[in-house]
Amino acid sequence: MATNVVHLLKLVFLLFFSCLWTRHAAEWIYVTPAQAYNSSVGDTLKPGDTLNSSSFLVSAKGTFALGFFRRIDSTSNESYVGISDMADPSMAFNLYVWFGNRGRPLVNHSGMLTLDNNGTLKIVRQGEDPIVIYTSPTKNTVGTLLDTGNFVLKEVDFDGSTKRVLWQSFDYPMDTLLPGMRLGVNHKTGQTWSMTSWLATDIPDQGPFALEWDPKGRELIIQQRGVTYWKSGVLTDSQFENISPDVTSMYDFHIVSNQNEEYFYFSNKNQSLMSEWLLTFLGQFKDLRGPDIGRADNCYGYDNNGGCQELVQPVCRQRGDTFEIRSGLLCNSR
């Protein structure tokens with residue numbers, strides 16, 4: 001009986017917040033594709049270039065924009081340097097796929113993104129130290145926003161050709177996985193690629209849920225504050241055990257495994273679509289333009305249906321256990 005009550009309370013809680021959930025729309029100033037395009041300075045930052053709070057980089061085909069996005073409520077006026085999906089003009093809100101200053105918002109949207117003459121990409125703030133995103137080992141550095149949604153810093157030769165990629169936003173996922181983005185680990189550098197949910201529907205700070213790739217188990221894992229709640233099951237013949245074939249049939253899955261790195265990424269079978277895998281602050285794992293993929297928000301630790309993981313339950317009080325009366329002060333009490 002007690003277990004049923006717990007399930008019911010959790011269900012009511014999740015339904016309530018699910019009704020409130022809209023993809024990052026609440027309290028954010030919407031930037032339309034037309035506004036971004038009209039304020040565009042191109043798709044590339046060169047040494048010495050600056051992006052102010054009212055200008056944008058727009059990818060060659062106009063599918064993504066990089067700039068300052070504002071969040072306003074009754075107590076704050078914050079802004080973030082981020083990348084937003086602009087492919088669908090019918091959207092009434094922005095789809096943020098990456099923030100350069102996640103957890104460190106700018107106050108009163110007063111800041112600039114600059115690629116200085118030394119090749120350092122940084123956010124300049126009034127009265128505060130800059131937020132350094134990347135320091136290049138070479139001055140011949142340019143930053144380009146690609147139509148994949150990836151912002152890439154690369155070393156270029158004197159004729160403008162690419163010598164090597166130095167840094168890319170795809171290596172720092174937020175709550176969104178785009179085609180070509182990696183989940184896994186680079187054994188050479190020690191870097192891990194994983195997704196982390198927002199803290200709340202309109203707060204982009206790191207939240208409670210994380211999505212990771214387990215290279216040994218060949219499966220996707222959702223954890224809540226370090227505890228595994230859901231697993232996709234082993235990937236075999238392009239099919240995950242705990243993900244519907246109707247879902248997996250939409251994608252091609254790729255695994256790279258060598259001595260330097262092990263990672264997973266996906267691509268769309270229909271190249272005209274731009275899928276965005278999203279991990280919500282409630283633990284929902286879904287394609288924004290498609291179906292649910294995994295539902296850690298439906299996992300309570302009591303069974304393993306649909307990929308849910310059973311958790312160690314608290315031990316009940318034994319017959320004969322008693323309470324003892326204690327008196328005194330609690331620690332740190334006044």
Subject >> Yes/no for Ser257 being over 22 Å from Val234 (Cβ atoms), without any contact (Cβ under 8 Å) to a residue 60 or more places away in the chain and not assigned by TED's automatic domain parsing to the domain that holds Trp98 >> reply: no
Original post:
Considering segment 148-205 alone, what residues qualify as being buried (at least 18 other Cβ atoms within 10 Å of the Cβ), touching a residue at least 60 places away in the same chain (Cβ under 8 Å), touching a Gly at 6+ places or on another chain (Cβ under 7 Å) and not in a loop (DSSP other than H, G, I, E, B)?
Top reply: Phe151, Trp193, Thr196, Ser197, Trp198
Original post:
Has segment 302-312 got at least one residue that is in a strand (DSSP E or B), touching a strand residue (DSSP E or B) at 6+ places or on another chain (Cβ under 7 Å) and farther than 25 Å from Gly180 by Cβ?
Top reply: yes
**OP:** Among what's in segment 170-216 and is among the aromatic types (Phe, Trp, Tyr) and under 28 Å from Lys154 (Cβ atoms), pick the residue that is nearest to the chain's Cα centre (by Cα).
**Re:** Tyr172
Original post:
Can you name the condition, by its number, that Leu115 falls short on among (1) closer than 30 Å to Leu279 by Cα; (2) buried (at least 21 other Cβ atoms within 10 Å of the Cβ)?
Top reply: (1)
Original post:
Can you find a residue in segment 122-131 that is under 18 Å from Leu178 (Cβ atoms) and charged (D, E, K, R)?
Top reply: no
**OP:** Scan segment 46-65 for residues that are buried (at least 22 other Cβ atoms within 10 Å of the Cβ) and in a loop (DSSP other than H, G, I, E, B) and jot them down.
**Re:** Ser59
**OP:** Answer yes if at least one residue in segment 278-287 is at pLDDT below 95, among the hydroxyl-bearing types (Ser, Thr, Tyr) and at negative phi, and no otherwise.
**Re:** no
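The values are calculated or read from the model by the stated rules, or taken from the named source; none is laboratory data. Small disclaimer: the values here were computed from a predicted structure and weren't measured. Using ideal geometry, Cβ is built from the backbone for each residue, glycine included, and neighbour counts are taken over all protein chains shown.
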